[in-house]
Ligand SMILES: Cc1cc2nc3c(=O)[nH]c(=O)nc-3n(C[C@H](O)[C@H](O)[C@H](O)COP(=O)(O)OP(=O)(O)OC[C@H]3O[C@@H](n4cnc5c(N)ncnc54)[C@H](O)[C@@H]3O)c2cc1C
């Protein structure tokens, strides 16, 4: 059994094992309720909704904790996609838990659902902070609904999302105050599970980056203009020889310079050389448009390396790279780190020749390549968009290669299904999205 498969089975197994444990805790804790009348059953279901709610919240936290074993197995973009999907399911339990409990206890006390809920908030231990926590989580969830998020800048969305942690902390107290995990082994299991997740967050979101940034003290060494809207930012630092990353990976960077503090993800655009790190940034919005203002000497907080868009994920020793626009950055790092005379082909698309950056490095790499311009007709360059036919013309054996795609979402949405239909199996289809 491959190591990768074993690891996937292990983590999925752990997820399911905890679901069983929660089921066991609920059944043993609520056995009388489950056999009781309608009110009892509503209360039992309300308790179960609460346990599953907290469990999903813990899974959500692990998915964005940059927990290395999982990040290396699935990649941050897949973890993020799962985080979003579970987020929608989680909102359902946020309503079900208080609704079912208020309904069940309301029947018993001959009160309406609202009266009973107010009674909980007013008199049950830790239910008021839990209610505030629930509202904080709900607001962050609503801001993440794609339609609503599309009206927000990334920063507004981000600072509306981070209070989630406070919401989760506020909602914790009432869980061990009453119900199925309020005593004995069930409570110890619950505390251990929650402590484990908070331990992972503390380690991977704070301690590991703290140690790495203390060890390497990253600083901007120089900023180089590559094209009218792309600049390369070089970082230097201490003990850089000990800082390793795989070509294709990325990092989240925070530059401690006035007005530039907000963190952004960028791919390493050159392979590791132990001397400098290079990130190449296209002006796509308010922060990236100011990247050229970064001053040499500026301290940098670097979280990473992250991502699984690397040659190490490849299953063959033949590659097809398809890059669109600034999506060239991780791909160039991989192309430049290939062994000499590697059997690889690069298809690099941009709007105009001016938008094609690093053409000298591509040429120097010795990898066969073609340039496709969608907004300019020019001799020696192909005109139009990257299509399967165009790629297959230059790379007829594409189905037997590892295919790496990075570029605008529209390009990925058009090419991924076409490449699958052309016989490229999922495990040899690697892609990185620059939109989270
Ligand atoms: C894994 C990854 C690797 C990337 N590598 C590169 C690279 O090598 N070179 C490059 O030029 N760009 C890269 N990007 C894209 C880059 O992060 C965004 O263009 C940049 O964050 C835009 O910020 P802005 O404030 O200028 O634009 P805005 O106008 O604020 O946003 C433009 C778009 O970028 C997204 N975005 C904004 N801020 C962030 C953030 N902090 N985190 C995530 N997404 C954000 C927004 O959702 C929006 O879709 C990468 C993105 C990801 C996810």
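Each value in this text was obtained by applying a stated rule to the coordinates, not by laboratory testing. Quantities reported herein were computed from a predicted structural model and do not represent experimental measurements. Counting neighbours? That spans all protein chains shown, and the Cβs are built from the backbone with ideal geometry, glycine included.
General observations
- Between region 260-337 and region 167-235, the alpha-carbon center distance in angstrom: 22
- Each of residue 387 and residue 135 was given a label point 7 Å from its Cα along the Cα-to-Cβ line. The distance between the two points is 5.7 nm.
- Against the chain, whose longest principal axis comes from its Cα atoms, helix 127-143 is set at around 30 degrees.
- Once both labels are positioned 7 Å from their Cα atoms along Cα-to-Cβ, the gap between residue 352 and residue 242 label points is 4.8 nm.
- Counting other Cβ atoms within 10 Å as a rough exposure proxy, the listed residues 108, 47 run 108, 47 from fewest neighbours to most.
- Added length on full extension, which subtracts the Cα-Cα distance from 0.36 nm per residue, residue 203 to residue 295: 30.0 nm
- Cα gyration tensor shape for region 311-431, rounded if a/c is under 1.5, else prolate or oblate: oblate
- Peptides ranked, highest mean first, by Cβ atoms within 10 Å: ranges 170-180, 21-31: 170-180, 21-31
- Crossing angle, helix 184-201 versus the chain [Cα axis fit, 0-90 degrees, rounded to tens]: 20
- Modelled FRET efficiency - R0 35 Å, residue 145 with residue 276, Cβ distances, 0.05 increments: 0.25
- Neighbour counts of other Cβ atoms within 10 Å put 56, 101, 48 in the fewest-to-most order 56, 48, 101.
- Additional length obtainable on full extension of the chain from residue 177 to residue 110, 0.36 nm per residue less Cα span: 21.7 nm
- With the simple model of a label 7 Å out from the Cα in the direction of the Cβ, residue 24 to residue 188 spans 1.3 nm.
- Rounded FRET efficiency, nearest 0.05, which uses the C-beta distance separating residue 8 from residue 215 and R0 of 30 Å: 0.45
- Added length on full extension, which subtracts the Cα-Cα distance from 0.36 nm per residue, residue 73 to residue 397: 113.9 nm
- Neighbour counts of other Cβ atoms within 10 Å put 6, 255, 279 in the fewest-to-most order 6, 279, 255.
- Nearest-ten-degree value, helix 3-34 long axis tilted from longest Cα axis of the chain: 20
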